[in-house]
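Enquirer: Here you go, one structure.
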Amino acid sequence: MIHTSACDVLGIEHPVIQAGMAGHTNAELVAAVSNAGGLGILAGFRRSADALVQDVRRVRSLTDRPFGVNFVLHLLNEETFRAALAERIPVFSLYRGDPADAVAQAHAVGSLVIDQITTVAEAEYARAVGVDVLVAQGAEAGGHTGLLPLWNLLPEVVKVAGSRPVLAAGGIVDGQGLAAALSFGASGVLMGTRFLATPESPATPAHKQAILAAQLGDTVASPMLDILRGEEWPGIQVRTFRNPLTARWAGHEAELRSAVAEVRAEQERARAAGDDSLTIRLAGEGVARIHDLKPAGQIVRDTVAEAEQILQKLNSQID
Ligand SMILES: Cc1cc2nc3c(=O)[nH]c(=O)nc-3n(C[C@H](O)[C@H](O)[C@H](O)COP(=O)(O)O)c2cc1C
């Protein structure tokens, strides 16, 4: 049994955390992960207070285990955040922005705080303002992500975190990733893309199918999605599947800025014609190693069992 400081701090059995993913979580997924002994996290980003509270209450009807809600702080919906405080959710998961106020408010209602960081400076700040668990998110991650590769960022964040647990995120999909993360000093893993390929996940069937069919190198990170949305995140890129739009515009962002209306119209025309080839789908670089649609609870159990086997095998090689 793998038991780490992340398990103690978060009150969970296994150090496997499911990422809060905007538009890609629901109560069934979150409860399945928490019921299996991991920590499920609902997305709070781009959600109304009412919708979030409904989901929080549904999670509570499905599990009595800890779970979290994720917020993107630089684009925070204050009303939704206040609703989560009022619900006294067990864990707040934060990303971007300044976490100081959010940490104080969460602690004041007895909640724990996980903060996802992409640089060592952000890790230093997170520690200074009292974040309970840090997530070192590498550039391999699906969705919005920083620029540093996980296996270079992680050990530096572990040094900065001191006694606080650090979770590794970005391209991790299995027990091999968990075993590697532990060997780099992490106390667990946070996985997003792996949990999209589950029956519980609200990802579209086409998104799930794309994950199962993916080969190494099928994702690319660039700021183009945010440019198209008219909502730039400084210092951050978005990792998505490659498609004809990324082929044309990734790396040509300056040019894209003056063609946004045209590209949006092109996407709209394709959508209206039932052609989804220009749909942008988020995914991490671990997609190439996801080969099956598996229940979320099974992913938690398999990840831990596989990591245990690997660590035992490695241990047996030491005289
Ligand atoms: C579809 C999708 C949506 C995401 N949305 C969010 C979000 O709303 N908030 C956030 O903090 N991170 C978000 N992320 C990033 C995850 O928190 C996490 O860092 C990432 O999934 C880890 O990499 P992996 O997908 O390779 O496991 C998202 C990731 C994906 C794949």
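Bear in mind that the values in this text are calculations on the coordinates, not laboratory data. As the structure is a prediction and not an experimental result, all values here were calculated from the model. For neighbour counting, all protein chains shown are included, and Cβ atoms are generated from backbone atoms with ideal geometry for every residue, glycine included.
Enquirer: Among LYS294, LYS313, rank each residue by its count of other Cβ atoms within 10 Å, from fewest to most, as a rough exposure measure.
Expert: Numbers: LYS294 16, LYS313 10.
Fewest-to-most ranking of LYS294, LYS313: LYS313, LYS294.
Enquirer: Oh, and also: Compute the angle between helix 296-316 and the longest alpha-carbon principal axis of the chain, please, reported from 0 to 90 degrees and rounded to the nearest 10.
Expert: Relative to the chain, helix 296-316 is tipped by roughly 60 degrees.
Enquirer: What is the stretch 135-202's relative contact order, in percent, from Cα pairs under 8 angstrom and six or more apart in sequence?
Expert: Details: 111 pairs, mean separation 20.8, N = 68.
Rounded, it is 31 percent for the stretch 135-202.
Enquirer: For the residues HIS107, HIS24, what sequence is obtained by ranking on other C-beta atoms within 10 Å, fewest first?
Expert: On the way: HIS107 15, HIS24 21.
Neighbour counts put them in this order, fewest first: HIS107, HIS24.
Enquirer: For the stretch 207-319, what number results from the quotient of the Cα radius of gyration and 2.2 N^0.38 Å?
Expert: Values: Rg = 19.1 Å, N = 113, 2.2 N^0.38 = 13.3 Å.
For the stretch 207-319, the normalised Cα radius of gyration is 1.44.
Enquirer: Next up: Search the structure for amide H atoms under 5 Å from the amide H of SER93, placed 1.01 Å from N in the peptide plane, and list their residues when 5 or more places away or on another chain.
Expert: Under 5 Å from the amide H of SER93 lie the amide H atoms of VAL69, ASN70, PHE71, ILE114, each far enough along the sequence or on another chain.
Enquirer: Post the alpha-carbon centroid distance, the stretch 253-284 to the stretch 285-319, in whole angstrom.
Expert: Value for the Cα centre distance between the two parts: 37 Å.
Enquirer: While we're here: As an exercise, identify the GluC sites (Glu not before Pro) in the stretch 175-248 lying in DSSP coil whose Cβ has no more than 15 other Cβ atoms within 10 Å. Write down the numbers at each step before the final one.
Expert: Details: sites: GLU200, GLU231, GLU232; in loops: GLU200, GLU231, GLU232.
Those satisfying the criteria are GLU231, GLU232.
Enquirer: Using alpha-carbon pairs under 8 Å, 6+ residues apart, how would you state the relative contact order of the stretch 39-154 in percent? Show your work: numbers first, answer last.
Expert: On the way: 199 pairs, mean separation 21.9, N = 116.
Reported relative contact order: 19 percent.
Enquirer: Kindly provide log₁₀ I(q)/I(0) values, in the same order as q = 0.17, 0.19, 0.22 Å⁻¹, from the Debye equation applied to equal alpha-carbon scatterers of the stretch 26-71.
Expert: Evaluating at q = 0.17, 0.19, 0.22 Å⁻¹ gives log10 I(q)/I(0) of -0.38, -0.48, -0.63.
Enquirer: Okay, moving on. What's the center-to-center distance, using Cα atoms, between the stretch 1-44 and the stretch 184-252 in Å?
Expert: Going from one Cα centre to the other spans 20 Å.
Enquirer: Okay, next question. Mind listing the long-range amide H neighbours of LEU148? Cut-off is under 5 Å, sequence gap 5 or more, other chains count too, H placed in the peptide plane at 1.01 Å from N.
Expert: ALA139
Enquirer: Per-residue ellipticity at 222 nm for the chain, helices alone: DSSP H runs ≥ 4 residues times -39500 (n - 2.57), over residue total, nearest 500 deg cm²/dmol?
Expert: Working: 15 runs with 141 residues, N = 319.
Result for the chain, helices only: -12500 deg cm²/dmol.
Enquirer: On to the next question. So who's got an amide H within less than 5 Å of the one on SER187, skipping anything under 5 residues away but keeping other chains? H placed 1.01 Å off N, in plane.
Expert: Result for SER187 returns VAL166, LEU167, ALA168.
Enquirer: Here's another thing I want to ask about it. Per residue, what volume in Å³ does the Cα convex hull of the chain take up?
Expert: Working: hull volume 42.0 nm³, N = 319.
Dividing the Cα hull volume of the chain by its residue count gives 132 Å³.
Enquirer: Applying the Karplus parametrisation 6.51 cos²θ - 1.76 cosθ + 1.60 with θ = phi - 60° to the phi angles of the stretch 68-76, what ³J(HN,Hα) value in whole Hz is obtained for each residue in order, glycine and proline being reported as x?
Expert: In residue order, the calculated couplings are x, 9, 9, 10, 9, 6, 6, 10, 6 Hz.
Enquirer: Counting only C-alpha contacts under 8 Å and six or more residues apart, can you give the relative contact order of the stretch 41-102 as a whole percent? Provide the component values of the computation, followed by the final result.
Expert: Details: 83 pairs, mean separation 26.1, N = 62.
The normalised contact order for the stretch 41-102 reaches 42 percent.
Enquirer: How about the stretch 66-167: which trypsin sites (Lys or Arg not before Pro) there are in a DSSP loop, with at most 12 other Cβ atoms within 10 Å of their Cβ?
Expert: Details: sites: ARG82, ARG88, ARG96, ARG127, LYS159; in loops: ARG88, ARG96.
Filter output for the stretch 66-167: ARG88.
Enquirer: Right, next: Tell me, THR145, THR4, THR25 in order of fewest to most beta-carbon neighbours within 10 Å?
Expert: Working: THR145 26, THR4 17, THR25 30.
Fewest-to-most ranking of THR145, THR4, THR25: THR4, THR145, THR25.
Enquirer: Within the stretch 1-62, which trypsin sites (Lys or Arg not before Pro) sit in a loop by DSSP and count at most 16 neighbouring Cβ atoms inside 10 Å? Could the numbers behind the result be given before it?
Expert: Values: sites: ARG46, ARG47, ARG57, ARG58, ARG60; in loops: ARG46, ARG47.
Here the sparse-neighbourhood loop sites are ARG46.
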